[in-house]
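The values are calculated or read from the model by the stated rules, or taken from the named source; none is laboratory data. The model shown is predicted, which means the values in this text are computed figures rather than measured ones. Note that each Cβ is placed from the backbone with ideal geometry, even for glycine, and that neighbours are counted across all protein chains shown.
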Amino acid sequence: MGKTVQAITFVLTQRELQKATSDSSILSSLHSTSQEILAVKGTLVVCPVVGALQWFCEIEHRTKEGSNKTLVYHGSNRENFLYKLSKYDFVITTYSTIEADYRTKKSKKNSKNSKPQVEISAKKLNDDGFADKSIRVDEDMP
């Protein structure tokens, strides 16, 4: 219980530590001798469809209004935001959205390229003995 809130808190704490480290020379010198703090530019949340609304509501409820930009990358208009993802602090998407985008990209890639053909060297027995013969086989054939 509370994993969503803990994850949001972790992301926001990392962001605040990053700001404090870059703003303070004292913290910067301490920072260089201790563990390095990873820069948090944006956070991708991948969850089931039912969890997307939960994440969005928790982020909106637990943070100051206007302090974060949150995008739910889901639905038919999501491609409009594809090249703007880096402008958001939180991008929430679903497993099914990632799968759909991957399948679409994969099918476009396969349709651009003709099916690869494999040449196999096979021996065919004829009256004179064995003779080499190349045959072409589609990649999809068993």
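Checked against the criterion of being over 19 Å from Q14 (Cβ atoms), assigned by TED's automatic domain parsing to the domain that holds Y88, modelled with pLDDT of 90 or more and assigned to a loop (DSSP other than H, G, I, E, B), the candidates E60, E65 yield just one match: E65. Scanning region 85-104 for residues that are of a type outside the set (A, V, I, L, M, F, W, C) and surrounded by 11 or more Cβ atoms within 10 Å (Cβ to Cβ) turns up K87, Y88, D89, T93, T94, Y95, S96, T97, D101, T104. In region 96-103 there is no residue that is in a strand (DSSP E or B) and either modelled with pLDDT of 85 or more or within 30 Å of V5 (Cα to Cα) (or both).
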